[in-house]
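The values are calculated or read from the model by the stated rules, or taken from the named source; none is laboratory data. Note that this is a predicted model, so its numbers are computed, not measured. When we count neighbours, we look across all protein chains shown, and the Cβ atoms used for this are built from the backbone with ideal geometry, even at glycine.
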Ligand code: CA
């Protein structure tokens, strides 16, 4: 993945082992990650660095997760995923309406963290991520639109198309598309990508568009207008 399209995830966690495991897993999923071990560092980081999402522990030195969340929300709508130690905590957190986007209970599975992270990033993505394309993607409805017409996509089709939209005009390999489409790293064959692309093309036909080119033996390319 090119550095320019990698999302940057800020991990706020004071337990070094948990922070390191989260960072490894987030990086393996194709994101950039950095770690803050104190809550009071977060407002400054959000103000000075580009951050696409925050994984935020609740119990932190310096400033606790609740105050971090509140403070960040005053200046930014960056997605925040809170990591809490107890299930019972979640109800209380929800009641506080801090503006966190999701909650995960410890002990969490790293897979779950990454899959929730993808979900909040997707929800926060602007619907039209690639100006110059003859269509737009609606992240909330999982639809592709051209003019007044819209076609519904499956979650896998949506992720594949969003991945192609990150690099219009450039070849995207099947492997990269596979990584984008399957958050849980199921072993699926390259041919699975081909069959989803076929379905996507059929849906584009309904919009009278044919923007996806096959590059023999390599992958696919989205053709800008
Ligand atoms: Ca902690």
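Miscellaneous remarks
- Scanning region 77-91 for residues that are more than 16 Å from the ligand (Cβ to nearest atom) and touching a helix residue (DSSP H, G or I) at 6+ places or on another chain (Cβ under 7 Å) yields 78, 79.
- Answer residue from region 58-76, given it is more than 23 Å from residue 88 (Cβ to Cβ) and more than 13 Å from the ligand (Cβ to nearest atom) and is surrounded by the fewest Cβ atoms within 10 Å (Cβ to Cβ) among those: 74
- Residues in region 157-179 that are modelled with pLDDT of 85 or more and more than 16 Å from the chain's Cα centre (by Cα) were compared, and the one that is farthest from residue 29 (Cα to Cα) is 169.
- Listed by first and then second residue, the pairs with beta-carbon distance under 9 Å, at least 6 apart or on different chains, first residue in region 211-225 and surrounded by fewer than 18 Cβ atoms within 10 Å (Cβ to Cβ), second assigned to a loop (DSSP other than H, G, I, E, B) and modelled with pLDDT of 90 or more, are 223/210; 223/211; 224/211; 225/211.
- Scanning region 23-35 finds no residues that are within 15 Å of the ligand (Cβ to nearest atom) and either in contact (Cβ under 8 Å) with a residue 60 or more places away in the chain or within 19 Å of residue 101 (Cα to Cα) (or both).
- In this structure, residue 49 does not satisfy being within 16 Å of the ligand (Cβ to nearest atom), touching a residue at least 24 places away in the same chain (Cβ under 8 Å), over 19 Å from residue 97 (Cβ atoms) and out of contact with any helix residue (DSSP H, G or I) (no Cβ under 9 Å at 6 or more places or on another chain).
- Restricting region 6-20 to residues that are touching a helix residue (DSSP H, G or I) at 6+ places or on another chain (Cβ under 9 Å) and at pLDDT 95 or above leaves a set whose member that is surrounded by the most Cβ atoms within 10 Å (Cβ to Cβ) is 12.
- With respect to (1) part of a helix (DSSP H, G or I); (2) modelled with pLDDT of 80 or more; (3) exposed (fewer than 13 other Cβ atoms within 10 Å of the Cβ), the lone exception for residue 123 is condition (2).
- Of the residues in region 163-173, not one is closer than 27 Å to residue 22 by Cβ, part of a loop (DSSP other than H, G, I, E, B) and without any contact (Cβ under 8 Å) to a residue 40 or more places away in the chain.
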